[in-house]
Every structure is written in structure tokens, then in C-alpha cells.
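Structure record follows, encoded as C-alpha cells.
What follows is calculated from the coordinates using simple rules that are stated; it is not laboratory data. On a predicted model such as this, the values are computed, not experimentally measured, just so you know. Quick reminder, even Gly has a Cβ in these numbers, built from the backbone with ideal geometry, and neighbours come from all protein chains shown.
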Amino acid sequence: MRQMIPFGYCVGVDHIDYDFKHLRKETDFTLNNQQAARQAPAKQVMDHEMMSGEDFSNKYLRILEKHPRLRDLIEARFNMFMYRIHNFDYKFKITTSWIVKLYDGDVIQPHNHNNCYYSGILYYGKDYPKNSAELMLRNPIEDTMRNVFPKVEDNFNVMKNDFPVVPSTGALYFWPSQILHYSAPHEGEPRYSCPFNLVPTAAVFAGDSSQNYKWITNQNL
Ligand SMILES: [Fe+2]
């Protein structure tokens, strides 16, 4: 009997050789709730209250716009990945990008990203000790199963195992943005990462699902 796997999710795993020294100078880290409570009154929380949504986004959530060569490199790698899957150049661009610094004991609560098609992460720190928290992509197939099997150690099952996004300098990962991700508590020296979101910008003509940004840009929205 053959075993077939007819459906799946595509995760991009890549690595870039790049001098991250300028990105490493950025200090406007995005805080999770745990960090914001610990650092209260956190500047970012106050900024969130005081600044407009646009100004706050420009300061904390558009980090790669200050590093356009790196942004372009990530977009090029991602568009190659998409081309291999879809055989079409969707001209994806990064919308939001932010930086995260996890301290010893910090965790990433399960969450996903909206208003985007794919999400990704770049590990830009100098080094990642072996206890650095892995970002785990939660297996979305398991939630669709009607039965629950006990976990069996060392038995990899694509229908239920989560996928580790392992930190190492220059590692770059992409995943569909609806996928929940989380981490176990981080251990050791701070762990740096730069997550980001992507949207397609090419015109897509597909009946009543067609989309062309030229239709709606250059208007005073
Ligand atoms: Fe995330």
C-alpha cells in the first residue's frame, strides 16, 4: 500500500549572508504583554496611547523600511519561493516589520497575523545559544481531525506535529499568515528576531476575485 499526502502547507526555509550591524542598532523593540507589564510604564505602551496609529506604526512596525537593501533582499527571496509554488510573480511586498528581544523566561503566546497573506521571520542576532527559544508553527491540520491520538515520542506525523522555526544567524522563514505560532520559555542571553508580513501587489485577474492595486491607488483614500 502506498501512503499519499494530498494536501499541505508550504513553509519557506532560507538563509541570507548579510551584515546585520545596522539592524542590530535598532532599539524600538515591540513588546509582548509580559514584557510590557514587567517594564511598566513602558515607553511603547505610552507611545501607543499618545501617537496616532499611523505614527506608531511608522515607528515600531515599519522597521525594515529603514533598511531597504535588507527589505529588498527578503522580498526577492520570498518572491522566488512563491514563484516556485505558483509559477507566477505576485510581487509580494513587506508591509509591517518589527523587532523582538526575548529575555530569559519570556514566552511567545500563540497568535497569528492578519491583513497579510504570508508572515516570516529573520533571525538577525549575533549568535543563538542552543537553548534559544524556537518559534513553533502550530499544525493547522490537527485542529481539523476528529480524533486525537496520543503523542508518541520520535514519531513525526505531518498531520499533527508542530514545525520548529529554529533560530540561527541569517535564518529566514516564511509561513502562511493564518498559522498560529508560539514558543516555550526562552533560556539564556537575549534572542533577537525581526518578524514581518507580506502582501501581493501584482494585478491578479481571476473573475470576481480579480485585484489590481492600480484601481484603488492614486485616489485620495
Ligand atoms: Fe508572530
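Data table
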| item | result |
| --- | --- |
| Partners for LYS21 among lysines (Cα-Cα distance below 18 Å; same-chain residues under 8 apart left out) | LYS66, LYS101, LYS126 |
| Relative contact order of the range 80-200, pairs being alpha-carbon contacts under 8 Å that are 6 or more residues apart, as % | 52 percent |
| Computed over the range 80-125, the ratio Rg/Rh where both radii use C-alpha atoms and Rh is Kirkwood | 1.05 |
| For the chain, calculated [θ]222 nm from helices alone, where every DSSP H run of n ≥ 4 adds -39500 (n - 2.57) | -5500 deg cm²/dmol |
| For the chain, radius of gyration divided by Kirkwood radius, i.e. Rg to Rh on alpha-carbons | 0.98 |
| Selection from ILE216, TYR118, GLY8, by position along the positive dipole direction of the chain (Cβ) | ILE216 |
| In Hz, Karplus ³J(HN,Hα) per residue of the range 187-195 (6.51, -1.76, 1.60; θ = phi - 60°; x = Gly, Pro) | 10, x, 4, x, 10, 9, 8, 10, x |
| Contact order relative to length of the chain, as percent, for alpha carbon pairs under 8 angstrom and 6 or more apart | 30 percent |
| Euclidean distance of C-alpha centroids, the range 19-34 and the range 170-207, integer Å | 16 Å |
